[in-house]
1. In whole Å, largest first, what are the principal axis extents of the Cα atoms in the stretch 61-143?
2. Whole angstrom only: what separates the Cα centroid of the stretch 333-360 from the Cα centroid of the stretch 507-575?
3. Could you pull out every one of the lysines with an alpha carbon less than 21 Å from that of Lys145, ignoring same-chain neighbours closer than 8 positions?
4. With all protein chains present and a 1.4 Å probe, how do Asp106, Asp148 order by accessible area, largest first?
5. Grab the beta carbon distance between Gln244 and Glu549, set R0 = 45 Å, and tell me the FRET efficiency rounded to 0.05.
6. Can you compute the modelled spin-label distance between Lys366 and Lys475, with each label point 7 Å from Cα toward Cβ, in nm?
7. How long is the gain from Thr61 to Asp148 if the chain were fully straight, where each residue apart is worth 0.36 nm and the alpha carbon distance is subtracted?
8. Which percent of the accessible heavy-atom area of the stretch 450-566 goes to carbon and sulfur, probe 1.4 angstrom?
Amino acid sequence: RLFCASGRRVAGHANGSALGRAVLGTGPLSHLRSSWRQRAAAVAAVSPASTPSSPGASDGTTQFHLYNSMSRRKALFEPLSPPKEGSGSGCRGEVTMYVCGVTVYDYSHIGHARAYVSFDVLFRYLTHLGYDVTYCRNFTDIDDKIIDRANAVGENPLDLSKRFAKEFHTDMDLLNCRRPTMEPLATDHIPDMIESIQKILAHGHGYVVDGDVFFDVGSLPGYGKLSGRALEDNRAGERVMVDQRKKNPEDFALWKSAKPGEPTWESPWGPGRPGWHIECSSMIRRLLGETIDIHGGGSDLKFPHHENELAQARASTCDCGARGDHQQSSDEYFARWWVHNGFVNVDSEKMSKSLGNFFTIRDVSKKYHPMALRWFLVGTQYRQAINYTQRALEEASDRLFYLYQTLHDANAVLREADDQGPPSSADEAVKDKLLEEVFSALSDDLNTPLVLAAFSPALKTLNDLMHTKKGKKSKDRISVMRALVESMDVSLDLLGIRPRSFATALEEMKTVALCRADMTEEDVRLAIERRATLRQEKAYDAADGVRLEMEARGVYLMDLPTGTTWRPGVPQEYL
């Protein structure tokens, strides 16, 4: 049993029968195919780099082009390290990827969903291409915001952060994000941070004031290259109050001296705790090495966080200021690729609690299937800003239901088929055509909108083969269906939107649709009976009124040879 946000129990059930073309191909979302292609074309035009040639199946030769925020262009991805000895002939190399994690003091919002879905797709695709990926994503478990929230609710800060780290995992599991290889806690690496700070001070890039340690931004040539900001334009990060003791306003804290009621650790400068920026650069050096392949995060982290991470990494390595720009100031030092996902706006405004347009993943999942949210997110290329609207989520949910229903019905046909022979060369060509489009799109800087657009012809073909006279009589019907279903399975897995069970997912989507409509299965059953009675009485206008009333609430009635059933659809107000 599932429950609506209002507490009403809604009994959902999966309809295993084929629902026909009325459900599956010609609804109000047929315009989305062209919109996905338009988005994909716009993304491809953003970067001056050439688009990679279309790859075939993932056979170890696929060329993957990834945008680098440092160089501001797409480039052929090649990892720093070759395959490890004994890793097998299928391994193309070792990839180290670090993505900045959450500060765990509250439930995660849809901005977090955007970031971690984006990097989950990258993780999946790199793995699919044959790379051995070490994916590290940290938890910031000590921070001003954590301490403030803990004091407000009367909880130990470290207990609070531990609790919300578990809640974060629950949200990521809802979104079908794979767990990273490593998830270090900042508080487990305090000694590494102290060591980094000591090196920065020894190289003349920091200073101590009353137990606090600051990074001297003016001492480091080249600061600002990642973000493209001139030094005079920079100010301290949003988490750091401007301190009059600083040499320059843009200097940032490496170590904060102890304050009453805060967790503290011993250091050469007295008890205290680390600043925010020193966490990631220190954990990267300890866990992954001096230089990694990919460093990722949201666009909001490019400055100041990632700029400061890079500065710390450079300053802890050598005395940069004494010799001008040093030999390790290459764009590839510390991170060879800097990857940033775009912002999430809500109804074309920046998402913020003060504007009242702040949505957590839990909020959205009460009314929409988590895979509908994920479909919505991958419907925009990861670098572009995405506009969250109720209509967009309704459309994503409707399209996903169509896809799941199509594949559910296709699998049912294949299970009942007698033809279990090996695929022919023609079948393999059908399969390869879709996969080539998918691999080509993903190899062009993860162009996920183009992947979604590539699904449309395949889904139409499946429905034609299942529901039209010509399709049912096709000699290669079963083998073509099998080839398309197999290629769709691979593609959906790469996007992270393939459910364990299509039937279960369809049931869940119907359940949350009833929650949005504030209805129950019983309400729908009574509406179907009322409409049937009106039709028997030949009161067709009144019967149509019942149907239109239900459609206005997002419940679409369908008359099939076996009787009347329903599916979720876009409510009238969003059409």
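1. 44, 31, 20
2. For the stretch 333-360 versus the stretch 507-575, the Cα centre distance is 38 Å.
3. Lys162, Lys166, Lys256, Lys259, Lys302, Lys350, Lys353
4. Working: Asp106 40, Asp148 100 Å².
Order by accessible area, largest first: Asp148, Asp106.
5. Values: r = 66 Å, r/R0 = 1.46.
After rounding, the FRET efficiency stands at 0.10.
6. In this crude spin-label approximation the distance works out to 5.8 nm.
7. Values: separation 87, 0.36 × 87 = 31.32 nm, distance 5.11 nm.
Value of the extension gain: 26.2 nm.
8. Numbers: 2710 of 5400 Å².
The value for the stretch 450-566 is 50 percent carbon and sulfur by accessible area.
The values are calculated or read from the model by the stated rules, or taken from the named source; none is laboratory data. Worth saying up front: this structure is predicted, and the values here are computed from it rather than measured. Because the Cβ atoms are built from the backbone with ideal geometry, glycine has one as well, and the counts that use them run over all protein chains shown. Protein only, heavy atoms only, side chains kept; ligands, DNA and RNA dropped before computing areas. Shrake-Rupley method; radii C 1.70, N 1.55, O 1.52, S 1.80 Å.
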